[in-house]
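Working notes, structure below.
The values are calculated or read from the model by the stated rules, or taken from the named source; none is laboratory data. Here the structure is a predicted model, which means the values were calculated and not measured. Please note: Cβ atoms are built from the backbone with ideal geometry, for glycine as well, and neighbour counts cover all protein chains shown. Heads up: the accessible areas ignore ligands, DNA and RNA and are worked out on the full protein's heavy atoms, side chains in. Shrake-Rupley method; radii C 1.70, N 1.55, O 1.52, S 1.80 Å.
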Amino acid sequence: MINITEAAASQIKTMMEEEGEAKYLRVGVKGGGCSGLSYGMGFETEVTDKDETFVKHGIQVVVDNESAPMLKDVQIDYKQNMMGGGFTIDNPNAIASCGCGSSFRTATNAGTPEDC
């Protein structure tokens, strides 16, 4: 499913500890962005029957069933540079993406593109 690098896992664990109540990392896709689909990441305390769950580097990850096909084999990394740090997402399913890298589309889902 989703691959999380050790650098990303370390950052996620730190953020979850600061959050306090977070039990799960939720990764998903929603319509929007200049290419049609946008990534979303956040913390959850519960899962639903419409979610897939798995564990990576000790992190319980949740993905909704609708997002799962678009996130197959995605790699989440965390990179630090002079401007700070941030998560990067490498999606082999994306056939187009925007310049900022947070919006994409796949061969089977164009999403709902918005003006940039």
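Side notes on the structure shown:
- Largest-first ordering by accessible area, 1.4 Å probe, given options Lys56, Lys79: Lys79, Lys56
- Local electrostatic count, Phe87, Cβ distance below 15 Å [Lys/Arg +1, Asp/Glu -1]: +1
- Heavy-atom accessible surface of the chain, averaged per residue, reaches 60 Å², computed with a 1.4 Å probe.
- Couplings 3J(HN,Hα) for the range 71-79, derived from phi with the Karplus relation 6.51 cos²θ - 1.76 cosθ + 1.60 (θ = phi - 60°), are 10, 4, 6, 5, 10, 9, 10, 10, 10 Hz, where x marks Gly and Pro.
- Amide H contacts of Lys23: Glu44, Thr45, each under 5 Å away and 5 or more positions distant or on a separate chain (H built 1.01 Å from N in the peptide plane; Pro and chain starts excluded).
- Exceeding the 18 Å Cα-Cα cut-off - candidates Lys30/Lys50; Lys13/Lys79; Lys23/Lys72: Lys23/Lys72
- Answer label for log10 I(q)/I(0) by the Debye sum over Cα atoms at q = 0.11, 0.19 Å⁻¹ (calculated), chosen among [x] -0.36, -1.05; [y] -0.40, -0.97; [z] -0.83, -1.08: [x]
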